[in-house]
Amino acid sequence: MQDIIRFGVSMDAALLERFDKHIQDRGYGNRSEAIRDLVRDSLVREEWEGGDEVVGTITLVYDHHVRELSERLTDIQHDHFNSVLSSLHIHLDHHNCLEVIVVRDEASKVQKFADRLIGTRGVKHGKLSATTRGAKLR
Ligand code: NI
């Protein structure tokens, strides 16, 4: 069991008011949990900036009728096979595919991999969700 430490935070009243509105809109029950999440998010960003081994998901939406697009996306994934843990392909409708690739590698390699996929012509939307192995977070 980790020690819980309480500490006071001084803040401009108007800023705190905006923060309270913001966290209320997001469904937080209290400021403490919201602040803990902000701290964790900041630490995850630090892991990415520090080049640590990270995990994440790359989400792609594309039309598989676009000529050679499926093949190009597969080729890129084979180029980065060491970073791929798993992938999921959903046929959304007659044209569109959703692909989710779960990745684990050094942050810079994952970023480069995601940039290549998302930047491929014909990909309608792509997003890298950058998260953490969690070892450094509680
Ligand atoms: Ni498909």
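Any read-out appearing in this document is the output of simple, stated calculations on the displayed coordinates, not a laboratory observation. Quantities reported herein were computed from a predicted structural model and do not represent experimental measurements. Using ideal geometry, Cβ is built from the backbone for each residue, glycine included, and neighbour counts are taken over all protein chains shown.
Structure data summary
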{"quantity": "Amide hydrogen neighbours beyond the local backbone of ARG133, cut-off 5 Å, H modeled", "calculated": "VAL55"}
{"quantity": "Cross-link partners of LYS136 among lysines (Cα-Cα below 26 Å; sequence separation of 8 or more within a chain)", "calculated": "LYS109, LYS112, LYS127"}
{"quantity": "Within-9-Å neighbourhood charge of ARG133 [Cβ basis; K, R +1; D, E -1]", "calculated": "-1"}
{"quantity": "Angstrom value of the Kirkwood radius, inverse mean 1/r, which spans all Cα pairs in the chain", "calculated": "17.6 Å"}
{"quantity": "For the stretch 1-66, the spread of Cα positions along each principal axis, largest first, Å", "calculated": "55, 29, 24"}
{"quantity": "Using θ = phi - 60° and Karplus 6.51 cos²θ - 1.76 cosθ + 1.60, couplings along the stretch 54-66 (whole Hz; Gly, Pro as x)", "calculated": "10, 10, x, 10, 10, 10, 10, 10, 8, 8, 6, 7, 4"}
{"quantity": "Highest-first arrangement of 103-113, 3-13, 39-49, where packing means the average Cβ count within 10 Å", "calculated": "103-113, 39-49, 3-13"}
{"quantity": "The chain, dipole about Cα centre (Lys/Arg Cβ +1, Asp/Glu Cβ -1), debye to the nearest 20", "calculated": "180 debye"}
{"quantity": "HN-Hα J in Hz across the stretch 104-114 - Karplus 6.51, -1.76, 1.60, θ = phi - 60°, x for Gly and Pro", "calculated": "8, 5, 4, 3, 5, 5, 5, 4, 5, 4, 4"}
{"quantity": "Proximal aspartates and glutamates to LYS21, defined as alpha-carbon separation beneath 19 angstrom and excluding residues fewer than eight positions away on the same chain", "calculated": "ASP12, GLU33, ASP37"}
{"quantity": "Whole-Hz couplings from phi, Karplus 6.51/-1.76/1.60, listed for the stretch 24-32; x for Gly and Pro", "calculated": "5, 4, 8, x, 6, x, 7, 5, 4"}
{"quantity": "Within the stretch 40-61, backbone nitrogen closer than 20 Å to the virtual label 7 Å beyond the Cα of ASP75 toward Cβ", "calculated": "60-61"}
